[in-house]
Amino acid sequence: MSKSYVNLLDLASGNFPTMEGKRRRFPRVNTAPGNLSDVDDDQARSVSSDQPSSIASDRMIIVANQLPVKAKRREDNKGWIFSWNEDALLLHLKDGLPEDMEVLYVGSLKVSVDPREQDDVSQVLLDKFRCVPTFLPPDILSKFYDGFCKRHLWPLFHYMLPFSADQGGRFDRSLWEAYILANKLFFQKVVELINPDEDYVWIHDYHLMVLPTFLRRRFNRVRIGFFLHSPFPSSEIYSTLTVREEILKALLNSDVIGFHTFDYARHFLTCCSRMLGLAYQSKRGYLGLEFYGRTIRIKIMPVGVHMDWIESVMKVADEESKMAELKQKFQGKTMLLGVDDTDIFKGINLKLLAMEQMLKQHPGWQGKAVLVQILNPARGKGIDFEEILAEIQESCRRINEQFGRPGYEPIILIDRAVSINERICYYNIAECVVVTAVRDGMNLTPYEYVVCRQGITGSKSCSNFDGPKKSMLVVSEFIGCSPSLSGAIRINPWNVETTGEAMNVAISMLDSEKELRHEKHYRYVSTHGVAYWSRSFLQDMQRACADHFKRRCWGIGFGFGFRVVALDPNFRKLSLDAIISAYRGAQTRAILLDYDGTVMPQNSIDKSPSQKVISIMNTLCTDPKNTVFIVTGRGRESLSKWFSPCQRLGIAAEHGYFLRWSQNQEWEICRQGFEFGWMKIVEPVMQLYTESTDGSSIETKESALVWQYRDADPGFGSSQAKEMLDHLESVLANEPVAVKKGQFIVEVKPQEVSKGHVAEKIFSSMAENGKHADFVLCIGDDRSDEDMFEIFDNAMLRSTLSPNPSVFACTVGQKPSKATYYLDDTTEVINMLKCLSESL
């Protein structure tokens, strides 16, 4: 064991140390001449050039746990024989990519390669297959794959909670550390290949969910896509994972995150909302998550099958004797077929019990109906494998004893690896394919079956190809392909009686109905193949990454809290030196400050201003050149009380509906004669939603009503807010009010009342008194403050400001904004104001 694998605790906590020791590097693979230097592994380094590379052609680097390559030891035990794994999805996805796009694969091999042979094997795979193998040390491999992947993630993503040590096991941090280390070893292989300005990196499945963080940490602008091939569980299930936030944040370092179904995507988005406070939006046909200025696209696209490959295999299978042998064996019988991996989530025993139920309820099928169940070998050391297999074998024995007779067994169990050629022969003969998985990411068995039943032109052996095409499917509603197979009979596999009845209906259905359903399925499957899927995913990656080089990017945070902030090139941190210099040189200054989140922290329980803030306000107001305003949504009573020591401070309360220039002046009202009869309409509606939404409340202001749901369930509160918004807009259609949804609030207020309008009014009044501001500082932190930031161009056009004013529109926090500047938090805001107050 090398020193590289010693400090796993650092890795697990997100402190990524430099891998020690010397390691061999692959030559960088280029599509155009040029010198690319090695990129070293220091965590502090981050490569992000401002201009794209001069290399002309994009490349796709596909990263997965396993390479789409088969490896077999030579008979003389000297070296290896490699070949493409034609059954691998990753091999066929390149058919949807542009012809001139070079595709490279990074992943591990299924076999163990002696360290002395690894260099030679790597070179052969790179030269002949464009593959770069990642060799994991045996102890890391065991903990990574059989440990964390198969005993933590895989059961949890399939809705199994770790109730006890023998059902998934309690969280084992050493397995998590191995998972992180394995992901870093994959990352190092990608680094050896990547040109970060030109290449796309497409990461596959739950084995590599933290890899995006390693890549984004090194290359801020690298183009990353991630596709999850398993289900994503509901937030109630996922929230039990000890490292739930670390994995979510790691995934959010991707540009596109793909799922097979909307359900899986919805669960992921709900987890981001509940655990990270992120809200998603539908943007012109796609779902997007805003994360520190970056928009992560959520892609919903079920994968398909490779039509050309299946048809080519069908031609070979058609020439083999196996087809004729099976036709003769099952002559006069009606075959139902199941093809499943041997694991606890495939519901195989439920299928056998449903077959038993069908034979009991419909005895006419006894002696005629046969269920052939193919058990593919398990992909790893899954949970309870021996128990599941024993249960299947016992059910098979019992049912065959009960309903079998000489020459007839109702259930035929094939407990071995079955080649694709043999599987196609079974597809061709089966009247119906039955899938009873209790949870499965996609499951392409029904797609393969539909393609095989369509047949190929000029087939010799299968009579199905001579006449009309027909097929029937009985599929679990809990698998990813179910929504796309609208002609299938969908079942709840836990209900054995209804599943048995569905199997009876499927094989008893009229041929004309079977033909119609088959036609519908084949039309979908043939047009939504693996090439269609990969092409669509690449297009989304291209759209998501189109602005990478138009934005300023930098990384912040430590460990798995690391993220990249991407902002407009003109958006920058407010410089103290610059603002103090402009402040000193100005003759007429306007300072407009939001309250909550700007000079008062959002999470503060005591909302009254500190003595330090009062002192700063007084000092600023004392200068006759200054006009200082607090512009906030809060009511005037609390503001008058809090800022009573500040005699010359202006206050714009309730977003400017009430305006007071100083303490010895009267309050001005934005719009005289405004009627508030609409409140009698709004309040009962808000009360209705408050009663049905635990954690919500109504805030009554003089000019507005606010329904807030900050303490409610995030998902339900947001849903109720949308419903309330529609309800209020409907009943207030003829009222002179505006209904707006903000962060955890729905607010109804008079039209033309906003911070933008009050800012314009302040500047206009100053101009009427001969005070054209040549220094403007405007600071706020939320959506209502954006109205202030966007009015400055208009104000200048109307000559309410001086001809060349120094304008500092500043938001609090690094986030997309109409402001030109930002400060990180309220502490920086107060310190900056203190510096201004002391600068003269």
**Study point:** Qualifying position, being buried (at least 19 other Cβ atoms within 10 Å of the Cβ) and in the same structural domain as M617 (by the TED database), among E654, E637
**Key:** E654
**Study point:** Flag for I140 being at pLDDT 90 or above and assigned to a strand (DSSP E or B)
**Key:** no
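Yes or no, residue by residue, for (1) closer than 20 Å to F808 by Cα; (2) buried (at least 21 other Cβ atoms within 10 Å of the Cβ); (3) in contact with a Cys (Cβ under 9 Å, 6 or more places away or on another chain):
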position	(1), (2), (3)
V599	yes, yes, no
Q611	no, no, no
S615	no, no, no
F629	yes, yes, no
T632	yes, yes, no
Q647	no, no, yes
Review point. Which members of the range 326-364 meet the condition of being open to solvent by 30 Å² or more (accessible area, probe 1.4 Å), assigned to a helix (DSSP H, G or I) and over 22 Å from R423 (Cβ atoms)?
Key: L353, Q357, K360, Q361, P363, G364
Check your understanding: Do any strands (runs of 3 or more DSSP E) entirely within the range 663-774 hold 3 or more residues that are touching a residue at least 60 places away in the same chain (Cβ under 8 Å) and either surrounded by 17 or more Cβ atoms within 10 Å (Cβ to Cβ) or among the aliphatic types (A, V, I, L, M) (or both), and if so, which?
Key -> 745-750
Point to revise | the range 812-821, subset touching a residue at least 40 places away in the same chain (Cβ under 8 Å) and within 21 Å of S604 (Cα to Cα), residue farthest from the chain's Cα centre (by Cα) | key: V812
Review point. Do the conditions hold for I310, that is, is it of a type in the set (V, I, T), in a strand (DSSP E or B) and either outside the structural domain of V256 (by the TED database) or touching a residue at least 24 places away in the same chain (Cβ under 8 Å) (or both)?
Key: no
**Study point:** Qualifying positions in the range 400-434 - touching a residue at least 40 places away in the same chain (Cβ under 8 Å) and of a type in the set (D, E, K, R)
**Key:** D415, R416, E422, R423, E431
Check your understanding: Does K818 qualify as being in a helix (DSSP H, G or I) and either touching a helix residue (DSSP H, G or I) at 6+ places or on another chain (Cβ under 7 Å) or open to solvent by less than 50 Å² (accessible area, probe 1.4 Å) (or both)?
Key -> no
Check your understanding: Could we say that E192 is of a type outside the set (V, I, T), open to solvent by less than 10 Å² (accessible area, probe 1.4 Å) and out of contact with any helix residue (DSSP H, G or I) (no Cβ under 9 Å at 6 or more places or on another chain) here?
Key -> yes
Practice item. Consider only pairs whose beta carbons are under 6 Å apart and that are at least six residues apart or on different chains; among these, list those whose first residue lies in the range 216-235 and is in contact (Cβ under 8 Å) with a residue 24 or more places away in the chain and within 30 Å of S482 (Cα to Cα) and whose second residue is open to solvent by less than 10 Å² (accessible area, probe 1.4 Å) and in a strand (DSSP E or B). Key: I224/V201; G225/W202; G225/V256; F226/I203; F226/I257; F227/H204; F227/G258; L228/F259
Review point. What number of residues in the range 268-293 are in contact with a strand residue (DSSP E or B) (Cβ under 9 Å, 6 or more places away or on another chain) and either open to solvent by 20 Å² or more (accessible area, probe 1.4 Å) or more than 19 Å from V564 (Cα to Cα) (or both)?
Key: 14
Review point. In the list I203, I237, I224, I257, which residue meets the criterion of being open to solvent by 10 Å² or more (accessible area, probe 1.4 Å) and among the hydrophobic types (A, V, I, L, M, F, W, C)?
Key: I237
Check your understanding: Condition test on E477, is it of a type in the set (D, E), more than 29 Å from the chain's Cα centre (by Cα) and within 30 Å of G364 (Cβ to Cβ)?
Key -> no
Check your understanding: surrounded by fewer than 19 Cβ atoms within 10 Å (Cβ to Cβ), under 29 Å from the mean Cα position of the chain (by Cα) and touching a residue at least 40 places away in the same chain (Cβ under 8 Å): does that describe M101?
Key -> yes
**Study point:** Matching residues in the range 395-427 - criterion: being under 27 Å from M314 (Cβ atoms) and acidic (D, E)
**Key:** D415, E422
Check your understanding: Would it be correct to say that R379 is assigned by the TED database to the domain that holds Y447, of a type outside the set (A, V, I, L, M, F, W, C), more than 30 Å from G455 (Cβ to Cβ) and in contact with a strand residue (DSSP E or B) (Cβ under 8 Å, 6 or more places away or on another chain)?
Key -> yes
Point to revise | the range 123-147, subset among the basic types (K, R) and under 22 Å from I61 (Cα atoms), residue nearest to the chain's Cα centre (by Cα) | key: R130
Point to revise | Residue ID - surrounded by the most Cβ atoms within 10 Å (Cβ to Cβ), chosen from residues in the range 381-437 that are among the hydroxyl-bearing types (S, T, Y) and under 39 Å from the mean Cα position of the chain (by Cα) | key: T436
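The values are calculated or read from the model by the stated rules, or taken from the named source; none is laboratory data. These numbers come from a predicted model, not from an experiment. Cβ sites come from the backbone with ideal geometry, for glycine too, and all protein chains shown count toward neighbours. Ligands, DNA and RNA are stripped out before the accessible areas are found, and what is left, the full protein with its side chains, is counted by its heavy atoms. Shrake-Rupley method; radii C 1.70, N 1.55, O 1.52, S 1.80 Å.
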